[in-house]
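One structure is given below, encoded as structure tokens.
Read-outs: derived from the displayed coordinates by stated rules, not from any lab. Keep in mind that this is a model prediction, so the values were computed, not measured. Because the Cβ atoms are built from the backbone with ideal geometry, glycine has one as well, and the counts that use them run over all protein chains shown.
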């Protein structure tokens, strides 16, 4: 049994991680931590866990961590994570980090996008980007994995085959994304107050969303082709789910059939990728670690639809998938 | 044209009041006030009003109020309202007050329920309770009307005919109520954060809700019969709407037909009461000032269902109905 | 008082039309018709109208129509409408038609898109396209107005200024649209069964939606520039609202400020257009006849967001706006 | 490995059963059946199962059933089930039946409530009622288990301790229940069409719901005390979840503390019962097999709140719990 700590155990991605790990036959949740003011019994913080996990959430203690855990899922927010990850690593645990702090390889780009100095460049340089379908080999054996953002997961899985095969103009890509509200986290604010957000839909972060450079890096990293993505996120009045509608300019004539063949072959052995013959519905991937993709051609453009559950394949599920790779468990363990 | 001020113009009931008054042919909104830190243009506070109302929200100035308004809709919260109402009245405006501060005739009961000293007992003693279907005559000509709570409106309209006719045991009444989330106001808190409240339903304030004594007072006031109500509120993941399912012990044999006849006759001339032959759906009264009622008999009990829009008949619509009575406008003006 | 008939009074757009007309001081609803099997009292078909409109819905009788109505709002579906409109016109009423049957000027294109012979080419040739902001002068005085589709309304209002001013490549336009479910009509089918559609989001009609040529026609008609639009609709689990996110290739360098100036000036006198400085939220135009537009620049593209209520500005509200023009009422009457 | 067939595999309870069984380490789904016109690959019927279960749904063939399955989860509707269950049993499989057909011991009562002749009285007489918390011993070893209704599950678990201890008047019980829409099944009808049901709440089946006698039978069966329940169901615009608010007349003075002690002790060893100190939220039991109960005293009544997921503890989860008992697996297997 691998012993797992959850660092930052009071948010939605932590709760999802716990639910997944409770079904994972080779792990045991041993330690939960949070900021002192957020501590308490996990079943008080998340009443849905009552009777399922009997652990306090405590301020992190590195000695205790080192004794009780082999792996840490670090669910801290951006900027906070890089203060803790070096300590977690030095306590001897392997880390899957949910924040953006170890995702952007280029520290200068990170600092520009997140408007903060990167204080752990040493670990940044050796962190592995945890999108298993594209970077599986690097992840196996890593001790620090940067778990991808939710939007970049759906976008990159849709774009990688197209860019790899040079089927699209890499400088003319529009990613129109819509997310459920859980993607905004668990902090109560007016825009996400129920009567404001319910029956509502809107765009945000026009031209400036931090996942834009992340998507570009992933695809470029995988294909060695520089890409430019206009990524436009929206939020809809639903709990969970991301749907991305991606519009690309083809470099040559293509057909829905050729695209279908490409995607089916590209993801032939992937347990969590569904290539569909019709547009995916978010509800069909909700509460799963699947990404459903439908590539086609419309009005002279290549259009790809990509759907995930933002909390599972977009966060906690993918983190466990990465943990499985690190621990050399079957990759799907706990996730089906 | 009657000039109307909205005091406390940043909450949901104020926004609804504005929308109704914009359609009211005999009124003009002239003045909007709020706490200094909440001020700004009304269309910034409520973007839905952009292009519809070009007024700033300002800290209240009694001189200005006195010059610009004939009537004030006072949308302040409980306890705050009684600090402002005496000033509003002394500025020479008539007041429809949305808070609980002038609803409970018995100051001692108010103080026990709201856990605060009542600081304006003078006006309390002359305030009129603004449920037009039961107390219309008192309202006409009043200069201070206490606008009823949302739950008490639906409950009292359902109970009044039964108690009046001595058809039910007045000491054995259960009111099971479910409300949409807008009833909880516009302040963002964790329980009403979208991903917490969406797809959720729960009871709250078991045995202790402040609307319990208000319901009892209304019905007793109207019927001269002391009543005891077990009022149990719930909140459901929807924007608006209240449905109350009311269970009573009959004092004698009755029938659905007799009850139907009673309710139809009791509310024969009421423009906002719908007596239905099947259970009301909240959606059919949403965005309206109607109360839909279905009385029947089931398993030896008299069961009455009562539905309103909590923001309209439960707040802003009823306030305008009261204002219409005060101003001697047709009672339905602006409300159909 | 202008007397109005609603032809096809059992769908959502008819219900919205009734609600609007009930607030319109210069009209009276006199006649409601539907297919024989759908008939009944309007308050049984739409319980929300109980106590508000006391009319039966009857099979259409042209004699009666001719005697009771001056104007007909024809809410019939595509293909059915063109069978009735000639009769309505010959009965001497002016018609605002909600279907697509008189929208596409080119009968051959209509027949290809809707896969049916156009059986009323005569009236087609003189029908006026009812988007007042772009074609107001033609509408005033018309006796047959084709009310625009919901998606084309939002898209065309966003695109017209850009194409008119040659700011974008007219052959490279992507319109990503998301609609609430009421846009799909009132017929119960599995995809829109509550537990299927709730908490769901998906694309449909990829490359084939019938509103694509309508958008192209409107913009070309207004600007005399041929345009090519990739229009991609989606449906989200909400009642109402359309949000379109439109991605265009600029023909020259531009800036958010220039775009803002253009849109503000273009729509300076329009009572129902809101030019915003941030992305519109569908909820802020819900239950209104407004279209809210935010034009900007992102990552080298011109991006425009456009939001309407699909049942109001996208159908019933716009129909009343057209009716107001036909009848020479103030254009906003009944709509604010 | 126990081989499991799902009979009637096209509804929501079947889909949930499949999802649970896919996580159950001691079972294998081997056979899926439905009416001929509903057949097809399971992943076409439920796209959420794509890549998770590769089986056709076929018309039932008893020979095949007998060869491929040890246990059948029979998800057929009322009245249909009793035509198939005898055949399933004679094919040598053990049956957990989801319908009402084997729940009501008294055939005459069944026939009155369901308005149909009971055609399998022989098996009715030996069927065991599958509410494990109350009838665990009878279930172990049974070969035909009648899986309880969703509403009766929540109600009976709340009432059993109170009636058993004679704490309440067994003839004065009101059960106010609210369910999510999935409880109404997967057939598309107008009342559950998304734009009708969304943001809506209403009562139905006043005084006549078929679960009323089922609740009475369960509690009477368990306690040997005749009970009379006024059961009033409602449906709210949410996918899943049942919340029951139960109002009882105490037979003697009691206190919240005594009730808490009783419920904690009564359900001390139950893995799926959560006794709470505050009202349960449906969302905290959604997607789980838990029943959350909060007993208390309010205004002289004993009030109990009981929440379950109608598709899990109210159907598929409880069926697997029963199957676990039949097969002598740990009762929680696959359910945590």
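Using only helices, what value at 222 nm comes out for chain B when you add -39,500 (n - 2.57) per DSSP H run of length 4 or more and divide by the total residues, to the nearest 500 deg cm²/dmol?
After summing the helix terms and dividing by residue count, I get -9000 deg cm²/dmol.
Could you pull the Rg and Dmax for the stretch C:2-126, using just the Cα atoms, both in Å?
14.7, 46
So what's the projected area for the stretch B:127-191, the Cα convex hull averaged over all directions, in nm²?
Answer in nm², one decimal: 6.6.
Once you wrap a convex hull around the alpha carbon atoms of the protein assembly as shown, what is its projected area averaged over all directions, in nm²?
Projected area, direction-averaged: 49.1 nm².
When you look at the Cβ of every residue in B:292-300, what mean number of other chain Cβ atoms sits within 10 Å?
For this peptide, the per-residue mean of nearby foreign Cβ atoms is 4.
Determine the distance separating the Cα centre of the stretch C:57-101 from the Cα centre of the stretch D:51-110; give it in Å without decimals.
The two parts, judged by their Cα centres, are 54 Å apart.
Distances from residue A:125 to the same position in the other copies: list them in nm, one decimal, shortest first, using label points 7 Å from Cα along Cα→Cβ.
Output for residue A:125: 7.9, 8.3, 8.4 nm, nearest copy listed first.
Taking the Cα centre of each part, how many Å lie between the stretch B:269-336 and the stretch C:213-288?
39 Å
Show log10 I(q)/I(0) for chain D at q = 0.06, 0.11, 0.13 Å⁻¹, two decimals, from a solvent-free Debye sum over equal Cα scatterers.
Log-scaled intensity ratios, in q order: -0.20, -0.68, -0.96.
Principal axes first, then extents: for the Cα atoms of the stretch B:42-102, list largest minus smallest coordinate on each axis, whole Å, largest first.
Projected onto the principal axes, the Cα atoms of the stretch B:42-102 cover 34, 26, 17 Å.
Shortest first and in nm with one decimal, please list how far the residue B:35 label point sits from its counterparts in the other copies (point 7 Å along Cα→Cβ).
For residue B:35, the other copies' label points sit at 2.2, 5.7, 6.0 nm, shortest first.
Determine the shielding of peptide A:183-195 by partner chains: average, over its residues, the number of Cβ atoms on other chains within 10 angstrom of each Cβ.
Partner-chain Cβ atoms within 10 Å, mean over residues of A:183-195: 6.
Report the relative contact order of chain C, percent, no decimals, based on alpha-carbon pairs under 8 angstrom and at least 6 residues apart.
Worked out over chain C, it gives 18 percent.
Output, in nm with one decimal and in ascending order, the distances from the residue B:190 label point to the matching label points of the other copies (7 Å from Cα along Cα-to-Cβ).
2.3, 4.2, 4.5
Please report D:301, C:67 as a ranked list, fewest other C-beta atoms within 10 angstrom at the top and most at the bottom.
Neighbour counts put them in this order, fewest first: C:67, D:301.
If each Cα of the stretch B:192-336 is one equal point scatterer, what is log10 of I(q)/I(0) from the Debye formula at q = 0.18 Å⁻¹?
Treating every Cα as an identical point scatterer, log10 I(q)/I(0) equals -1.32.
Which ordering of B:81, B:156, A:255 is given by a fewest-first count of other beta-carbon atoms within 10 Å?
Going from least to most buried by this count: A:255, B:81, B:156.
Hey, could you pull the Cα Rg and Dmax for the stretch D:85-234, both in Å?
Rg, Dmax (Cα atoms, Å): 16.6, 47.
Taking 8 Å as the Cα distance limit and 6 or more residues as the minimum spacing, I'd like the relative contact order of the stretch D:138-251 as a percentage.
Once normalised by length, the contact order is 45 percent.
Neighbour counts of other C-beta atoms within 10 Å: give me C:221, C:61, D:309 arranged from fewest to most.
Result, fewest neighbours first: C:61, C:221, D:309.
Other chains near C:243-251: what is the mean number of their Cβ atoms within 10 Å of each residue's Cβ?
Average per residue, whole number: 3.
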